[in-house]
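Notes to accompany the following structure.
The values are calculated or read from the model by the stated rules, or taken from the named source; none is laboratory data. If you're wondering where the values come from, they're calculated on a predicted model, not measured in any experiment. A quick note on method: Cβ atoms are made from the backbone with ideal geometry, for glycine too, and the neighbour counts reach across all protein chains shown.
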Amino acid sequence: MASTIVLAAGGTGGHIFPAEAVACALISKGHKVVFITDKAGRRFDRLPSSVQVMVMPMYRRNNSILGLFKFGWGILKSIYHTYRGFKIMKPKLVIGFGGYPSFPAVVVAQGMGISTIIHEQNAVLGQVNRILSKYAKHVALSFDATLRVRSGTPITVTGTPVRDAFYVFRETNYEVFGRSDTIQLLITGGSQGARVFSTIVPEALSKLQNAIRDRLSVVHQCPKSDIEPLKDLYANHNINAMVTDFIENMAEEISKSHLVIARAGASTLAELSIIGRPAILVPFPAAKDDHQWFNAQGIEAAAAGWCVRQNQFTSKYLTDQLESFIQDPNILCNAAINMKSLGCPEATEHIVNLIEKQLSKDK
């Protein structure tokens, strides 16, 4: 008999995309899936039509008195709606993928005696997951040495699931560019965009020799408000660039790239490692617990990419790096090979196995 399983994630693609991959795998095994998120998270999901989606009335957290009140009120309303929903659907298990929208779902489940599993994408256990992990049956981790995990917590290192589209390109080999070949650059700030890339990258590319600039093909994902100014900047420097606020076919764009310039969110790193493409990583400096910096350390240690603090990510730094890569493209090829060796294509399977083992225990 099919079990109803609730997946809860929200806020950003970094939480939504792994949940989406697990949802699809569970459906293929005959389970019924309910997905809980917030309005922001709903923008990113590409779930099958068979998945029931509950959108929680969450509010963005800020430190003003009104902001804290609205945030707390949103949590309480979400707990109430979740409780009513669970009474009707009677889920067998709830798995939280982080972000505030996962909090009401997992807390209500734990209060109702429903088994819960937590998945942590980052190298530092997130604030919400630290709270929820105390009563979770299991915590699935993406990194071997995840920080802030409570002693005695039942853990399994599963890796971060990625969507099926990325596995299509896992066997696409990295192609070293020759002296006259096009050089493909992908710039992505994750699902939220990164304004720093909108200024530093065009400036750095403009300092390259004309013969090199003529060979560039740039795909740049940026905040929506940066699209037109960024298009003008690239056009003024005669750089062939496609600028957008959302890349629908991210897997294909990564596979075509000789170099990716990106934030260091866990989902981004997982996607890069499945396909195997080198990256310059600029961790988001305001990320809680500086988790993106810790995410990126394993990439740099494996010589699969380069990690640089945002205040050191200058146009000169990037120009110098690009010039060294163009002089010796094998640097990028070796990094691509190392990046692919870090990939965990079994991550989704590992989490589904954890879920099904817990369901068997609960019978």
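At a glance:
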| item | result |
| --- | --- |
| S64 vs. criteria in contact (Cβ under 8 Å) with a residue 12 or more places away in the chain, among the small types (G, A, S) and farther than 24 Å from S267 by Cα | no |
| Test: residue in region 20-36 that is over 27 Å from P345 (Cα atoms) and out of contact with any strand residue (DSSP E or B) (no Cβ under 9 Å at 6 or more places or on another chain) | no |
| Sole residue being part of a helix (DSSP H, G or I), over 20 Å from A264 (Cβ atoms) and touching a strand residue (DSSP E or B) at 6+ places or on another chain (Cβ under 9 Å), chosen from L230, L208 | L230 |
| Given (1) within 30 Å of L216 (Cα to Cα); (2) in contact (Cβ under 8 Å) with a residue 40 or more places away in the chain, index of the condition L147 fails | (1) |
| Residue among S217, S225, S257 that is out of contact with any helix residue (DSSP H, G or I) (no Cβ under 8 Å at 6 or more places or on another chain), free of Cβ contacts under 8 Å to residues at least 24 places away in the same chain and among the polar types (S, T, N, Q) | S225 |
| Criterion violated by A204 - all others in (1) of a type in the set (A, V, I, L, M); (2) touching a Lys or Arg at 6+ places or on another chain (Cβ under 8 Å); (3) under 18 Å from T12 (Cα atoms) satisfied | (3) |
| Residues of region 29-43 satisfying the condition of being charged (D, E, K, R) and buried (at least 18 other Cβ atoms within 10 Å of the Cβ) | D38 |
| Count of region 242-297 residues which are at pLDDT below 95, of a type in the set (D, E, K, R) and surrounded by 24 or more Cβ atoms within 10 Å (Cβ to Cβ) | 0 |
| T160, sole failed condition from (1) more than 18 Å from E271 (Cβ to Cβ); (2) in contact with a Leu (Cβ under 8 Å, 6 or more places away or on another chain); (3) hydroxyl-bearing (S, T, Y) | (1) |
| Residues satisfying the stated conditions in region 1-25, i.e. hydroxyl-bearing (S, T, Y) and either surrounded by fewer than 18 Cβ atoms within 10 Å (Cβ to Cβ) or within 20 Å of E356 (Cβ to Cβ) (or both) | S3, T4 |
| Pair list, Cβ under 8 Å, 6 or more apart: region 155-182 residue closer than 17 Å to M339 by Cβ, other residue of a type in the set (V, I, T) and surrounded by fewer than 16 Cβ atoms within 10 Å (Cβ to Cβ) | Y174/I337 |
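Each row is one residue, and each column tells you yes or no for (1) touching a helix residue (DSSP H, G or I) at 6+ places or on another chain (Cβ under 7 Å); (2) surrounded by 19 or more Cβ atoms within 10 Å (Cβ to Cβ).
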{"position": "A303", "(1), (2)": "yes, no"}
{"position": "N311", "(1), (2)": "no, no"}
{"position": "I331", "(1), (2)": "yes, no"}
{"position": "T348", "(1), (2)": "yes, yes"}
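Quick grid of which residues meet (1) outside the structural domain of L205 (by TED's automatic domain parsing); (2) under 16 Å from the mean Cα position of the chain (by Cα); (3) in contact (Cβ under 8 Å) with a residue 40 or more places away in the chain:
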residue: A279; (1), (2), (3): no, yes, yes
residue: I299; (1), (2), (3): no, yes, yes
residue: Q327; (1), (2), (3): no, no, no
residue: C333; (1), (2), (3): no, no, yes
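Results for (1) modelled with pLDDT of 90 or more; (2) in the same structural domain as K288 (by TED's automatic domain parsing); (3) surrounded by fewer than 24 Cβ atoms within 10 Å (Cβ to Cβ); (4) assigned to a loop (DSSP other than H, G, I, E, B), shown as yes or no for each residue.
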{"residue": "I27", "(1), (2), (3), (4)": "yes, no, yes, no"}
{"residue": "D45", "(1), (2), (3), (4)": "no, no, yes, yes"}
{"residue": "P48", "(1), (2), (3), (4)": "no, no, yes, yes"}
{"residue": "V53", "(1), (2), (3), (4)": "yes, no, yes, no"}
{"residue": "G67", "(1), (2), (3), (4)": "no, no, yes, no"}
{"residue": "W73", "(1), (2), (3), (4)": "no, no, yes, no"}
